[in-house]
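*Asks:* Handing you a structure now.
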Amino acid sequence: MTNALVLLVVLSACTGGNTAEPVRTTVASVSVATSTTAAPATSTSFSDPEQQLSCDASPYFPDVIPERAAVAQPGSDAAPFHPFLSISGTSIRFLVDSANQPVLAVIRGALPPEQWASEPEVIEILDGIPAALGPLSDGVWAVGWILSETDPCDLYSLIVFPPTSAEEAREVATSL
């Protein structure tokens, strides 16, 4: 029997302008096997918008960072505006370049904030934890992983901003 790696990845999150309704999140279970690949099964869960999630800073940060990153990590008040760097309730550690443009971010408390542009690849990070690596929109690459299905703060994303490639994103992710 073939062993399969299972990773839950958020394929889409719909957060309409009406905050009185629950936030609907669609989750897919991606199975990767050596002989066959099953189609993703989806399920829907709801979270209470009244519940304020506040995650501590990520204990994980890559050892390998893109050369274009500035040496020092800026303070959170210096964050350039970018939708991926403003996900409510999360804790975000990030690096920018010399022009204050985002280079990479580690987000604790959320999986990648939009659908993959193509089927993500399953990679191993943090000594054997399965993670999904794939392109998002506009040249952004992301890695998403889950440490626990019961704690929302155990959802993680690593975002590598352009200019980048799958190889660079993989190298950064596997250095966690």
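The values are calculated or read from the model by the stated rules, or taken from the named source; none is laboratory data. Just so you know, these numbers come straight off a predicted model, no measurement behind them. FYI the Cβ positions are ideal-geometry reconstructions off the backbone, even for glycines, and counts take in every protein chain you see.
*Asks:* So, in the range 131-145, exactly how many residues are without any contact (Cβ under 8 Å) to a residue 24 or more places away in the chain and more than 11 Å from ILE159 (Cα to Cα)?
*Replies:* So the answer is 1.
*Asks:* Quick one: which strands (runs of 3 or more DSSP E) lie wholly within the range 62-176 and hold at least 2 residues that are crowded, with 16+ Cβ neighbours inside 10 Å and at pLDDT 95 or above?
*Replies:* The qualifying strands (runs of 3 or more DSSP E) are 121-125, 129-135, 141-146, 155-160.
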